[in-house]
Amino acid sequence: MPWWILLGAVLSLAACGLWRGEFEGRVVRVLRGDTLKVQKENGRIVRVVLAGVDSPEKGQPYEKQARKFTMSKAEGQRVVVKMQGRNRYGHILGVVILPGGRNLNRMLVEEGLAWAVPDYDEDPKLRELEARARRFRKGLWRSDAPVPPWQYLRKKTWRDHD
């Protein structure tokens with residue numbers, strides 16, 4: 001298939017909003033504090049990365065607490081995923097709404113178990129929740145200088161190439 005036809009198809013899908021919208025499913029596994037596997041109604045299992053938040057990476061302080069928190073709130077639960085696009089790996093970026101209407105993305109930041117991603121403008125409430133968690137020194141904000149995951153990964157990658 002010629003590349004321009006493929007490009008046209010991709011742009012058409014984007015214009016129709018098929019990369020946005022929402023779906024329901026059951027959380028079958030929590031991979032990280034901010035990454036879940038959700039089984040959709042059709043049986044397909046998809047990876048969902050929480051939009052606008054970044055939890056500690058493996059090896060960082062509070063990584064296990066973030067994962068345990070997400071497991072306690074979401075694993076086995078029927079959720080609504082409000083899709084906001086895809087990341088560079090093709091995984092769904094979404095807002096996960098738990099039974100009862102609670103927003104998992106916000107809950108993680110509120111508990112001090114994830115950063116609000118800089119320049120993420122779709123939910124300004126995340127920055128407010130992070131500021132509050134910092135002020136009350138909740139979770140990872142108990143540390144004087146917690147290292148955001150994107151900086152941690154950059155340093156780790158740099159060290160791995162030395």
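Based on this model, can you work out whether TRP4 counts as in contact with a helix residue (DSSP H, G or I) (Cβ under 7 Å, 6 or more places away or on another chain) and modelled with pLDDT under 95? If you could, list the steps in order and put the result at the bottom.
On the way: in contact with a helix residue (DSSP H, G or I) (Cβ under 7 Å, 6 or more places away or on another chain): no; modelled with pLDDT under 95: yes.
No, not satisfied.
Name every residue in the range 129-146 that is over 23 Å from LEU93 (Cα atoms), surrounded by 14 or more Cβ atoms within 10 Å (Cβ to Cβ) and among the charged types (D, E, K, R), in order of residue number.
ARG132, ARG134, LYS138
Report every pair of residues separated by at least 6 positions or lying on different chains whose Cβ atoms are under 9 Å apart, first residue within the range 99-128 and loosely packed, with under 13 Cβ neighbours inside 10 Å, second part of a helix (DSSP H, G or I) and of a type in the set (Phe, Trp, Tyr).
PRO118/TRP150
Take the residues in the range 58-76 that are in contact with a Pro (Cβ under 8 Å, 6 or more places away or on another chain) and buried (at least 18 other Cβ atoms within 10 Å of the Cβ); name whichever of them is farthest from GLY100 (Cα to Cα).
Step one: list which residues in the range 58-76 are in contact with a Pro (Cβ under 8 Å, 6 or more places away or on another chain), which gives 60-63, 66.
Going one step further and asking which of them are buried (at least 18 other Cβ atoms within 10 Å of the Cβ), we end up with 60, 62-63, 66.
Values: GLN60: 31, TYR62: 26, GLU63: 26, ALA66: 21 Å.
The extreme case among them is GLN60.
Determine, yes or no, whether LYS82 is in contact (Cβ under 8 Å) with a residue 12 or more places away in the chain and closer than 12 Å to GLU24 by Cβ.
Details: in contact (Cβ under 8 Å) with a residue 12 or more places away in the chain: yes; closer than 12 Å to GLU24 by Cβ: yes.
Judged against the criteria, LYS82 is a match.
Does the range 38-49 contain at least one residue that is touching a Gly at 6+ places or on another chain (Cβ under 9 Å), acidic (Asp, Glu) and surrounded by fewer than 17 Cβ atoms within 10 Å (Cβ to Cβ)?
yes
Regarding GLY59, is this residue of a type outside the set (Val, Ile, Thr), under 25 Å from LYS138 (Cβ atoms) and within 11 Å of the chain's Cα centre (by Cα)? Break it down into steps so the answer makes sense when it comes.
Numbers: of a type outside the set (Val, Ile, Thr): yes; under 25 Å from LYS138 (Cβ atoms): yes; within 11 Å of the chain's Cα centre (by Cα): no.
Spelling it out, it is not the case that GLY59 is of a type outside the set (Val, Ile, Thr), under 25 Å from LYS138 (Cβ atoms) and within 11 Å of the chain's Cα centre (by Cα).
Consider the range 131-147. How many of its residues are under 19 Å from ARG67 (Cβ atoms) and either in a helix (DSSP H, G or I) or in contact with a Phe, Trp or Tyr (Cβ under 9 Å, 6 or more places away or on another chain) (or both)? Explain how you work it out, then say what you get.
As a first pass, look at the range 131-147 and keep what is under 19 Å from ARG67 (Cβ atoms): 133, 138-143, 146-147.
Among the residues that remain, those that are also either in a helix (DSSP H, G or I) or in contact with a Phe, Trp or Tyr (Cβ under 9 Å, 6 or more places away or on another chain) (or both) are: 133, 139-143, 146.
Matching residues across the range 131-147 total 7.
Return the only residue of ARG88, ARG67, ARG20, ARG47 being modelled with pLDDT under 95 and within 14 Å of the chain's Cα centre (by Cα).
On the way: ARG67 fails: modelled with pLDDT under 95; ARG20 fails: within 14 Å of the chain's Cα centre (by Cα); ARG47 fails: modelled with pLDDT under 95.
It is ARG88.
The values are calculated or read from the model by the stated rules, or taken from the named source; none is laboratory data. Only a predicted model underlies this, so the values are computations on that prediction, with no experimental measurement involved. Virtual Cβ from ideal backbone geometry, glycine too; neighbours counted across all protein chains shown.
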